[in-house]
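Undergrad: Please read through the structure below; I'll follow up with questions.
The values are calculated or read from the model by the stated rules, or taken from the named source; none is laboratory data. Just so it is clear, the model here is predicted, and its values are computed rather than measured. FYI the Cβ positions are ideal-geometry reconstructions off the backbone, even for glycines, and counts take in every protein chain you see.
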Amino acid sequence: MSKSPNLSQSPLICVVDDDEDVRSSLSSLLRSIGYAVKTFAGPLDFLASDAVDAASCLILDIQLGEADGLEFQQELVTSDASIPIILISGHGDIPKTVRAMKAGAVNFLPKPFEEEALLAAVAEAVSRDQRRRNDAHRDESIRLRYEQLTPREREVMALVAAGLMNKQIAWRLSLSEITVKIHRGNMIRKMQVKSVAELVRLADQLGVRAAPETHPDATPSRQGNPPL
């Protein structure tokens with residue numbers, strides 16, 4: 001049997017199956033290796049719970065009495081629910097298997113299935129969910145850093161990401177080059193980047209990259225110093 005998941009907080013595995021014996025046996029198996037488990041007799045019970053966003057994996061029976069597991073899977077996909085799904089069925093139906101996998105199921109297991117096969121599928125689903133949550137956390141962190149920038153720092157960020165030099169940015173924004181350097185330094189510190197390449201990547205993620213547009217010789221031609 002697979003070892004207990006080495007995580008600081010046990011991932012939540014949800015089981016939707018209209019067979020009470022199946023729910024009970026799966027719950028016992030998953031709890032025995034350290035997963036948190038919630039079971040439901042049907043899709044509506046699952047949707048009415050607080051487990052939808054918290055779940056790291058959904059084990060879903062295809063045949064749920066009057067409900068259709070594949071249709072419910074599609075509803076979850078359509079609603080942008082990101083929970084990884086493992087479909088189980090008492091019948092090895094190849095067309096349904098293909099349909100389920102195309103819709104994004106992590107795995108399709110015909111009953112009866114080996115414990116190791118289920119646990120391997122669950123481990124893969126939990127791993128996918130952890131990567132998704134890590135990505136979401138990283139994206140949120142980037143967004144929060146960007147929100148700390150002043151309007152002027154955001155302008156400088158977009159222009160730096162577009163490839164403009166400090167003197168070109170100064171011309172575009174009617175600033176002195178020294179002032180641009182100050183804004184640029186503050187922006188880099190707040191965004192926590194170590195290179196222009198990293199800044200370009202973050203700007204692309206945020207959708208704030210500006211189109212390059214420079215003065216022909218990139219040198220201000222106005223008399224006197226541009227305003228601060």
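Undergrad: Conditions first: (1) at pLDDT below 95; (2) surrounded by 15 or more Cβ atoms within 10 Å (Cβ to Cβ). SER195 passes all but one, so which condition is the exception?
TA: (2)
Undergrad: Would you mind stating whether ARG189 is within 26 Å of the chain's Cα centre (by Cα), without any contact (Cβ under 8 Å) to a residue 40 or more places away in the chain and not assigned by TED's automatic domain parsing to the domain that holds ILE85?
TA: So ARG189 fits the description; yes.
Undergrad: Kindly check whether there is at least one residue in segment 125-134 that is touching a Lys or Arg at 6+ places or on another chain (Cβ under 8 Å), assigned to a helix (DSSP H, G or I) and in contact (Cβ under 8 Å) with a residue 24 or more places away in the chain.
TA: no
Undergrad: Now, a different point. Being aromatic (Phe, Trp, Tyr) and under 16 Å from VAL106 (Cα atoms): is that true of PHE40 here?
TA: no
Undergrad: Search segment 109-132 for residues being within 28 Å of VAL22 (Cβ to Cβ) and within 12 Å of the chain's Cα centre (by Cα), and hand back the single one that is surrounded by the most Cβ atoms within 10 Å (Cβ to Cβ).
TA: So the residue we want is ASP129.
Undergrad: Would you mind finding the one in LEU202, LEU175, LEU149 that is closer than 30 Å to ALA54 by Cβ, of a type in the set (A, V, I, L, M, F, W, C) and crowded, with 17+ Cβ neighbours inside 10 Å?
TA: One residue alone meets the criteria, LEU202.
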